[in-house]
Structure formats: structure tokens, C-alpha cells
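Structure record follows, encoded as C-alpha cells.
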Amino acid sequence: MSQLVLPVVLPLLAAFLLQPLSRVSGLAGRALGPLTLVLCAWITARLWLDFGGAPFSVAIGGFIPPLGIVFYADHLAFLFALAVPLFALLFWPELGDKGGGPGTDPNREARRDALVLLLVAATTGLALSGDLFNIYVFYELAAVASFGLVSLTGTARAQVATLRYLLISAFGSVLALVGISILYLQTGTLNLAQLSQLAPYTLQGPLGLAAFALMVIGFGVKAELFPLNTWVPEVYATAPARVAALLAGLVSKLAVLVVVRLLVLVFQQPEASQLLLVLGVLGVVTGELAAWRARDFPRMIAFSSIGQLGIVFIAFSIGGDIGLLAGIAVALHHLLVKSAFFGLAARWNGSLEGLAGAGRRAPLAAGLFVLFALSLIGVPPLLGFWTKILVLVGLAQGGAPLQLFALAAVLLATAVEANYLFRVALRLYGRADRPPAPPARWDLGAAAVLGVVLIGVSLAISPAADHLRQVARQAGDVALYVDTVFPKTLAGRD
Amino acid sequence: MIPLSFETIVYVGAIGLVVIGALGLVLCRHLFRMVLALVLAESGANLLLVLSGYRGGAIAPIIGFGTPGAPMVDPIPQVLVLTAIVIGVGVQALAVAVLVRVYRAYGTLDMVDLRNRMELEIAGAAGIAAPSSAQEPAGGRPLPPVPAFRRAGAVGRES
């Protein structure tokens, strides 16, 4: 069970070993990162298969919670902890790249790989940690690693984008830290399980709500939540495409997971859900309209990602098992689709007009784009339809005026989405004198793998939904979380 | 009326620092001032975190220090704030490093100017016309032009 720390520790270790190792042997340096990721994925998958459905917790260093830091593993945590190394592997900067070219500097490559490994360790930590301050530290680690990755291209515009991203993100962290201080002031603990025990007595008032608002906005920076998301388009337009894929697909989902844990465990008052709903609606409307106006492919999908994450937050604001189910489903769907889009955007990084005729030169890539676009819009047999219908049904069942308004916003966003995505699809199959270069083989392969997963899940929607319902039910069970972290007898201590 | 105790003043000061930092980030155009505003906001947050473990008249939480049995302040926020300070310093150092690179590339640290130039460069790299800026009057329609193949008449009437 204590192997649970390995998916966090191994990438950290590898990240710091990478640079000395790459000086000794270039090949070993290049292989270390992917091997570590494969090992992490294998460890996580084996633990997930072994644990048999009952969540467990690991007290780090044997210090019993609430004083010690605790890692908590349930289906949801495993799901995301497994997604992290797999997606990092799919979008590993060097794979499929003709490495070792004349212009590449092995030291630079080693530094870049180290940053990706740090990002992997931090995001895995976010998935597993059960202590708020520990989550804050992992969040900062992920932030710093992503600053480095975003500025990788070395262009001047990437530096400006990095600096703006850094300022916004650091300000978000300050807000989150203030929220954490308020929580500690009110409860005297930062252990999520203990917080959930104390929350009904100490965090009901406006102060608790203020803490939630601060933490949601703070942790929401990475999740592209409404007020602090102006960094999104410029960063995704200037960062390397695979980094953008990791940030938009993976890192945003882990930030969402943090917010969800807070919402489920600590802040169960209706005002907290309403706040999330309002921010989500604002994100959907602004994101989709901006995407409709965007004229280049990377920024179009960046804005669209803001809109999609708005839907994720709307879904989680519904509350209860159905809200969790809908939210997890939309988040996973977005993880698949948006990662694939950014993979395709590696070569298709120009204007939308410049994409004309790409479908004739790269039929598979264009076909995949259409498949993902259809799923994102929510065309019936595909996965996207089921995720969207879950959200809509949840909102309709809630029936409060604000929720009905959100429902209308989601439907409107779908229409806008359909408009701009079809516009691109039409261009892809248009005629042009100078079609853009087809996507690189590895990026195309990654998108194809994600496409196969999408079709597979769409075909097996019924068992997949059953599994996901189980995941959601377990994630929403507060008593189970508390009982797991604080077992009745100390015999369960690892 | 809340009695104006020492604690209240420090609380107000800590929150005030965060507010000043937030205002500075929003209102300043100069990037270095924005970094300084961030530093202020971070110190405010750190102060607030330390205060959350404060007890009036208590001593430092070190065993064997002071009279045994005397009240001690909560040590956990102090440990947390050490971590937060270290993280903050790291991020600020990174910000200044990127700032130097930006200045070397553009020769200015004016946020609005830099942002406009970045947008222009992004648009230029993507091969599209420059985006409409807040300083210029809006003109033209927001929709991109009709795709080339429609103009050529390869496809029939628009449905």
C-alpha cells in the first residue's frame, strides 16, 4: 500500500537524476523519462487492480493524520493518477521527434524533460494528497514546472506570455493561501478528512464562503476558471503544442479535482455550489464566444477549452452523485478531446484560413478532427453526447432558476461550438493551393489512440457509465473518506 | 465597536497588504511594479497564515524554552509559512529572471505595450491580420472572411 507514494517520488527522483545522467550517457538520459512514466503507470494500475474497491489511505512517514500528511486513494484518485503518466507519455516532448539534430542541445533537452517529470510528480500528488497544504505545495510545484515549459520555445512573445501567466498564477496562489489561512483560523486543521468533520460547525458562515471563493478562484487559475483565465489563449498560442496539450488536458483536470474535493468534503453549503455555477456559466459564455471570434487554430481551441471547463464546473455545481458523475464524465471527455486537438495543432498552428485543404493532405488527421469535433459538440452516438446529456438532465432536475439559466447557456454554447468547429471542418476539406503540412506521425498516432479510446468508450457506453457511477458514488461518500483516513482502530495504519 | 487590540491591527494590516498587492497588480502598467505588488500580496498572505496560529501572550513553540507549561503559539502555521515563503521567493526570482529576458527582447516593461506587441507577433506568426486593440476604434466585422472555396464557387449555394 505504501507503494502509493512511488508515482510521486519516482518522477521527482528521475527529474533530478536526469541532468547528471544525460552528461554521462545521452541515450540513458533520453530513455529515463519515458521509462519512469511507464513504471509509474504500471505501479498505479497494479495498485488500482489490487485494491478491490475499498479506498485506503497512507500516512506519509508513519505520522498519523491529522498531524501527518496523508495520501488518499479511491477510484477517482486512481483514475487521475493513472491518466497523468499515460498522457505525459503520449505528449512526451521527444517521442517521435528526430532527436539529436544539429540544432538541439542535449542539456536543454534534459532540462525540458526534468520539467515534464516535475509536472508529472506534482499533478500525481494533487490527485492523491489528502492534506490541503500539501495540495498547495504540489500546486505550486506544477505551476513552476509549467512556467518553465511554457517559455521553452525561447521566442520573445513566449517570454511575455510566461510572465503574464506567472503573475496571474502567483496571484491566484496568494488568494488560495489566504483561503487556507482562513480555514486554519476557523478549524485549526488542514487535513481534508478532519476539515470535513469540522465544517458543519465552523465553516457555515460568510467567512467559510469567503475561504471557498478565495480557494476556488486561486486553484481555478490552472483550471481556466472564469476570472483569472486571461493567460489561456496567449500561453497556448506561444507554448509548444505538446506542452499546451498537457496544460489544457491534464493539469487543468487535476486543478478541477482539487476544487471538487474541497466542494464535496468541506464546503457543502448551497452558496458554494451557486458560486461555482455562476463562475462556470461566465466561463462557458465568454469562452465559447471568444472561440467563435478566434481566427487562428491554437487560440480557437484554447478559448473553447475555457468554455468546456466552464461546463465541467457547472456539472460539479449540480451536487450529489449525479453532479459528480456528470462532472467527472465531462472532465474525462475534455481530457481526451482537447489533448488530441492540441496534438493536431502542433503543425496546424496557423490561421483558420491557412487550414484550407489540410484534409486532402492528411485525411486521417482531418477525420480525427471531425470525430473529436462531433463528440465535443455532442452528436448522439459519441461520448460527448452522453456527457452533455448528463449535465443537462442534472440541471433540469435541479430546476432552480439559476440552473435553468445555466442549461440555456450550455445549449447556446453548444450551438456556437457547432458553428465554429464546423467552419474549421469545412475548411479542412476545402480546396487550396498550399495546404499546411500534415501532423507529425507521433502526434497523429497520439490523436488516433485517443480517438480509438473515444470510439471504444462510446460503443461500450453502458458498462463505462456503470463504472463511472461507482467512481462518482465513492468520491461523493464523505463518511467513507473520513472513516478511511481515521480508521476506528489504528491497526489499519500502514 | 471592536476593541482596537494589537491583533486586530495586525489582521487589518495583513489583509490590507493583500488588497494593496491586488490593486497594484490590476492598476500598474509597469511590469516590475507588478512583481513588487505580488511580493506585497504574498507577504500579506504569509502574515495572515502566521496569525492563524497566534495566541496572545504565548511563547515560541520550542521545548525547554521559557517556563514549562506556559502557553505556546501554534507551531504548524509557522512551519507552513516557512514553506510558503520559500515557494514565494522562488516564484519571484523566476518572475524577475523572465522579466530580464522580456526587457532584453523588447526594451520596455510597459504591460500594455508588451501585450499589444505579443498579440501582434502571435497574429503575425499565425498569418492573420492583427487583432483589434482596445486603443483603436472597432471596425470591420468580427466574422472571418468567406472561405476561399466558396468564393471560387466550388460549392453551390450556402445552405
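The values are calculated or read from the model by the stated rules, or taken from the named source; none is laboratory data. Worth saying up front: this structure is predicted, and the values here are computed from it rather than measured. Note: ideal-geometry Cβ built from the backbone for every residue, glycine included; neighbour counts use all protein chains shown. To get the accessible areas, we keep the full protein, side chains included, count just its heavy atoms, and leave off ligands, DNA and RNA. Shrake-Rupley method; radii C 1.70, N 1.55, O 1.52, S 1.80 Å.
For A:Arg469 and A:Arg46, the difference between the fully extended length at 0.36 nm per residue and the C-alpha to C-alpha distance is 150.1 nm. Per-atom-type breakdown for the range B:5-124 gives carbon and sulfur 71% of the accessible area (1.4 Å probe, protein chains only).
A helix-only calculation puts the protein assembly as shown at -23500 deg cm²/dmol for mean residue ellipticity at 222 nm, using -39500 (n - 2.57) for each DSSP H run of at least four residues, averaged over all residues. One Cα centroid belongs to the range A:332-395, the other to the range A:164-240; the line between them spans 30 Å. Computed from the C-beta positions of B:Ile63 and B:Leu36 and an R0 of 35 Å, the FRET efficiency is 0.35 to the nearest 0.05. Were the residues from A:Thr202 through A:Arg423 laid out at 0.36 nm apart, the gain over their Cα-Cα distance would be 74.4 nm. Per-residue 3J(HN,Hα) values for the range A:450-455, derived from phi via the Karplus relation 6.51 cos²θ - 1.76 cosθ + 1.60 with θ = phi - 60°, read 5, x, 5, 4, 4, 5 Hz in sequence order (x marks Gly and Pro). Placing +1 on each Lys and Arg Cβ and -1 on each Asp and Glu Cβ, with no other charges, gives the protein assembly as shown a dipole about its Cα centre of roughly 1740 debye. May I ask you to give the percent of accessible area on the range A:287-441 that is carbon plus sulfur, with a probe radius of 1.4 Å? Solvent-exposed carbon and sulfur of the range A:287-441 make up 67 percent of the total. Placing R0 at 35 angstrom, the Cβ-Cβ distance between A:Ile455 and A:Asp483 gives a FRET efficiency of 0.35 after rounding to 0.05. State the answer as a single residue: which of A:Val266, A:Leu277, A:Leu289 lies farthest towards the positive end of the charge dipole of the range A:199-289, with beta carbon charges of +1 for Lys and Arg and -1 for Asp and Glu, about the Cα centre. Of the options given, the answer is A:Val266.
When the alpha carbon gyration tensor of the range A:193-259 is reduced to an equivalent ellipsoid, its three semi-axes come out at 31, 13, 5 angstrom, largest first.
With only the Cα atoms considered, the range A:252-400 has a convex hull volume of 99 Å³ per residue. Spatially close Lys pairs in chain A, defined by Cα atoms under 18 Å apart and a spacing of eight or more places or different chains, total 5.
Under the criterion of Cα pairs below 8 Å and six or more residues apart, the relative contact order for the range A:1-56 equals 42 percent.
In nanometres, what is the gap between the two model label sites at A:Ala54 and B:Thr8, each 7 Å from Cα along Cα-to-Cβ? Each label point lies 7 Å from its Cα, and together they span 5.3 nm. Summarising the amide proton neighbourhood of B:Met72: residues at separation of 5 or more, or on other chains, whose placed amide H is nearer than 5 Å comprise B:Ile59.
Computed over protein heavy atoms with a 1.4 Å probe, the accessible surface of the range A:393-467 works out to 51 Å² per residue. Rounded to whole numbers, the Karplus 3J(HN,Hα) couplings from phi for the range A:159-164 are 5, 4, 4, 4, 5, 5 Hz, using 6.51 cos²θ - 1.76 cosθ + 1.60 with θ = phi - 60°, and x at Gly and Pro.
Stretching the chain fully between A:Arg361 and A:Val393 yields a gain of 7.4 nm (0.36 nm per residue, less the alpha carbon separation). In order along the range A:41-56, phi translates into HN-Hα couplings of 4, 5, 4, 5, 5, 5, 4, 5, 5, 6, 6, x, x, 8, x, 9 Hz, rounded to whole numbers, per the Karplus curve 6.51 cos²θ - 1.76 cosθ + 1.60 with θ = phi - 60° and x for Gly and Pro.
The B and A chains share an interface that buries close to 4400 Å² of accessible area, total over both sides, probe 1.4 Å. Computed from the Cβ-Cβ distance with R0 of 25 Å, the FRET efficiency linking A:Ala408 to A:Val379 stands at 0.80.
One equal scatterer on each Cα of the protein assembly as shown, no solvent, Debye formula: the resulting log10 I(q)/I(0) at q = 0.08 Å⁻¹ is -0.58.
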